[in-house]
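One structure is given here, and the rest of the page talks about it.
The values are calculated or read from the model by the stated rules, or taken from the named source; none is laboratory data. Since the model is a prediction, treat every value here as computed from it, not as a measurement. Here the Cβ positions follow ideal geometry from the backbone for every residue, glycine too, while neighbour counts run over all protein chains shown. Side chains included, ligands, DNA and RNA excluded: accessible areas come from the protein's heavy atoms. Shrake-Rupley method; radii C 1.70, N 1.55, O 1.52, S 1.80 Å.
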Amino acid sequence: MRKSVAKLSPAFPSHSDIEHLLKLSKAKLNEGYDYVICLLDMDRLNHVPAEMHKYQSFKKKKDNQAIEFIEINPCTEFWFLLHFLPSLQMKHYETYEDLIPELRKYMPGYEKTKRYFIKTRLYNYLTEHGSLENARKNGATLSKMAAENPQDRIAYSQVSRVFDILEELGRQSL
């Protein structure tokens, strides 16, 4: 029996608009990838109704099973922040700019650049100085609460879902 091999290929898109992310995701599928996971900062969609409409339309389609969007509200940096918070906190951050001062308490000099991610060895920094377990647990709880009560507009992260997907794909390849 031949084992399946998983290949992770992180990409840093040049644009964050939903149209560009959809094109990039579909291009990856056309290149032969079986599954695409795309982190989606919701602050942009929450402020650009046309993009939110495109995203909502995409989510309703049944033929897009191989593309999984993982939402983070307001932005990916909230997922980073969850590594450092000692307990569950329900707070609303409207934008990236609202959240960054809080994140820099734990990651001084943080900047949203590929250079910074490589220089700090981002994953190692988060797991050595923070708690991946807390981030996953609190992220999942906040995501569930946000889905149940969207009017509360709390910050949330679905990134814990990425780990669930990877674990499931790993079990399928055994």
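Mind ordering 159-169, 108-118 by average Cβ neighbours within 10 Å, highest first? List each step's numbers first, then the result.
On the way: 159-169: 14.7, 108-118: 11.0.
Taking the mean over residues of other Cβ atoms within 10 Å, the ranking is 159-169, 108-118.
Taking the Cα centre as origin and putting +1 on Lys and Arg beta-carbons and -1 on Asp and Glu beta-carbons, what dipole magnitude results for the chain, to the nearest 20 debye?
560 debye
Which entries of LYS23/LYS91; LYS28/LYS119; LYS28/LYS144; LYS26/LYS105 have Cα-Cα distances beyond 31 Å here?
Exceeds cut-off: LYS23/LYS91; LYS26/LYS105.
Only bridges whose two residues both fall in the chain count here: according to DSSP, what percent of them are antiparallel, nearest 5?
So the antiparallel bridges amount to about 25 percent of the total.
What translational diffusion coefficient, in µm²/s and rounded to a whole number, does the Stokes-Einstein relation yield for the stretch 53-96 at 37 °C and a viscosity of 0.692 mPa s, taking the hydrodynamic radius as the Kirkwood radius over Cα pairs?
The diffusion coefficient I find is 256 µm²/s.
Mind checking which helices in the chain clear 15 Å along their axis (Cα) and have mean Kyte-Doolittle hydropathy of -0.5 or more, DSSP H runs only?
Working: long enough: 18-30 (18 Å, -0.09); 49-60 (16 Å, -1.59); 132-148 (24 Å, -0.68); 160-172 (19 Å, -0.39).
Within the chain the helices that satisfy the rule are 18-30, 160-172.
Please give the direction-averaged projected area of the C-alpha convex hull for the chain, in square nanometres with one decimal.
Directional mean of the projected Cα hull area for the chain stands at 11.3 nm².
Work through the residues other than ARG104 whose Cβ is under 13 Å from its Cβ and net out their charges, Lys, Arg +1 and Asp, Glu -1.
Here the charged neighbours net out to -3.
What do you reckon, how do LYS54, LYS60 stack up by accessible area (1.4 Å probe), largest on top?
Result, largest first: LYS60, LYS54.
How large are Rg and Dmax for the stretch 37-124 when only the alpha carbon atoms are used, in Å?
Every Cα atom of the stretch 37-124 included, Rg and Dmax give 15.0, 43 Å.
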